[in-house]
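Okay, structure first, notes after.
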Amino acid sequence: MTQHGAALNFRDFVDELLRRGDAVQIDRTVDPDLEIGAVTRRVYETRSPAPLFASVSAGDKGMRVFGAPAGLSSDEHGAYGRLAAHVGLPSHSSAREILEKLVAAMHADPVPPQVVPTGPCKENILLGEDVDLERLPVPLLHREDGGRYVGTYGFHVVQSPDGRWTSWSVARTMLHDRTTLVGPAMPQQHVGMIREMWRELDRPTPWAMVLGAPPAALAAAGMPLPMGVDEDGYVGALSGSGVEVVRTETNGLYVPANAEIVLEGYISADETGPEGPMGEYHGYSFPDGKPQPLFHVEAMTFRDRAILPVCVAGVPPEENHTVWGTMISAEATDLLRSRGLPVDLAWCSYEAATCWMVVSVDRERLAARETTEEELVRDVAEVLFGSHAGWLVPKVILVGSDIDVTDIGQVVWALATRYRPGTEYVFPDTPGIPMVPYLSAEQIRAGHGGKSVMSCIRPEEFSGEVRGGTASFLTSYPQDLQRSVIANWTRYGYESA
Ligand SMILES: Cc1cc2nc3c(=O)[nH]c(=O)nc-3n(C[C@H](O)[C@H](O)[C@H](O)COP(=O)(O)O)c2cc1C
Ligand SMILES: [Mn+2]
């Protein structure tokens, strides 16, 4: 027996999407050399159903690839349907509903994983000499890429040497050779922090990578929960039951029992190899690769007819926006609210490629606070930029809570009509993720800069006044007229309400 349901079982997730028409099985044999990448890219950009590539001309016969696991969908399927399925919500859930569920789970007691003796991920076990990563259908995703990526939608499992902190985190890994991967483990990210703890003991880091993980686990592994917090307990709180995990074959770590593919081994303390370039989340591919740590694989276990999920990073929307951006938004919303700031919602607009976050400020609570723009900006920057989540966010835009921050049209309107030239507060010394595309070489070396807070809150809003009401369907007509117009919509000759 293994646990079921789309949020806690990747195979069930794929089946559910196929059933509801938001995934399609492609039986025609595809080439992992760019073809899988090209199809998946076009799927994101046209909001088409996710492709399940059932026949791939590399890797073991029968191995499959699943693209765009959290791409946006056409409205018919609910735009956020695939993301909603990750967290156990119905397909027509709104962005706000998904965020509120993620925030609520942060306040629930963690539900630790349940150890089970075995599971589907042990259907095939390759040890030692038999390990061969070429048995997986490893794709070349963009022609600019420096190699083929195994892990674009999987997570690392590592544990602090004292065993008190287990970290699950998403980061990319590229094929180095038959038994080795190479990829970033930035010191500010938890996988890098834990690797440092092992390096201090002069030891390699015991490590596993999980591919085709329970979708709720993948989402949590892409979430900047604070240092020391176990993502596995958060997944349990989010999904209502502890994730079933099994012991690895070789290194004593625990991995989700129904995962499609598990790689086990260690992160080298000192060896590096060339990694990248790769088409990235901000939508660019910069020319140079960089040396990154090596991940040695000593065992691989996988389900029969295993499915390798892939994210083909690039211009939005892909999973760096829909998953990473949403998880950052949930963490930031909770942080800002729980520090007592008058914050309604924080949202990384997918269209902004996780390079900005829009924060709506409750107008009544703002007025009651008797604060100035400078003070509000300083408070938001202090809370956010001082946090693990805020390190990832370069720009913050503040708007009044009449703006639905999850609607990019409203955000653009607010920027155009409320941003007063000059009201951008720049934080040159604040540390931030060095991958932001507009950073100078000097800022990248220094690890700070490029961060700002833009205020689109009009001066009078600080004292509770609103000059100029909004002219729109919702604000310019009596409610009974709005209701009657909607009720009569098809009678006017329109197709559907
Ligand atoms: C599809 C996807 C790909 C990602 N790729 C990377 C990556 O290559 N490197 C990285 O540092 N973070 C990457 N992230 C973001 C991290 O997973 C995220 O910041 C998370 O909070 C890291 O875990 P940690 O907070 O436990 O360190 C990615 C996230 C997603 C959803
Ligand atoms: Mn973490």
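The values are calculated or read from the model by the stated rules, or taken from the named source; none is laboratory data. Keep in mind the model is a prediction, meaning the values are calculated, not measured. Cβ sites come from the backbone with ideal geometry, for glycine too, and all protein chains shown count toward neighbours.
Things to note:
- Only a single item in (1) of a type in the set (A, V, I, L, M, F, W, C); (2) touching a residue at least 60 places away in the same chain (Cβ under 8 Å); (3) surrounded by fewer than 21 Cβ atoms within 10 Å (Cβ to Cβ); (4) part of a helix (DSSP H, G or I) is not met by residue 121, and it is number (3).
- Residue that is nearest to residue 213 (Cα to Cα), among those in segment 154-176 that are more than 14 Å from ligand 2 (Cβ to nearest atom) and touching a residue at least 40 places away in the same chain (Cβ under 8 Å): 154
- Test: residue 387 is in a strand (DSSP E or B) and of a type outside the set (A, V, I, L, M): no
- Subset tally (residues that are touching a residue at least 24 places away in the same chain (Cβ under 8 Å) and either outside any loop (DSSP other than H, G, I, E, B) or within 16 Å of the chain's Cα centre (by Cα) (or both)) for segment 89-103: 7
- Cβ-Cβ under 6 Å pairs, at least 6 apart or on other chains, segment 309-333 side farther than 18 Å from residue 215 by Cβ and of a type in the set (S, T, N, Q), far side part of a helix (DSSP H, G or I) and away from ligand 2 (no atom under 16 Å from the Cβ): 333/103
- Qualifying residue in segment 181-197 (condition: of a type outside the set (Gly, Ala, Ser), away from ligand 1 (no atom under 11 Å from the Cβ), closer than 28 Å to residue 147 by Cα and surrounded by fewer than 20 Cβ atoms within 10 Å (Cβ to Cβ)): yes
- Enumeration of residues in segment 337-384 that are outside any helix (DSSP H, G or I), of a type in the set (D, E, K, R) and touching a strand residue (DSSP E or B) at 6+ places or on another chain (Cβ under 8 Å): 344, 362
- Filter result for residue 77 (modelled with pLDDT under 95, on the phi < 0 side of the Ramachandran plot, surrounded by 18 or more Cβ atoms within 10 Å (Cβ to Cβ) and not hydrophobic (A, V, I, L, M, F, W, C)): yes
- Conditions (1) over 25 Å from residue 444 (Cβ atoms); (2) within 15 Å of ligand 2 (Cβ to nearest atom): number failed by residue 245: (2)
- Positions within segment 66-88 being of a type outside the set (A, V, I, L, M), assigned to a loop (DSSP other than H, G, I, E, B) and touching a residue at least 24 places away in the same chain (Cβ under 8 Å), in sequence order: 69, 71, 73, 74, 80, 88
- Test: residue in segment 200-223 that is within 12 Å of ligand 1 (Cβ to nearest atom), under 21 Å from residue 324 (Cβ atoms) and without any contact (Cβ under 8 Å) to a residue 60 or more places away in the chain: no
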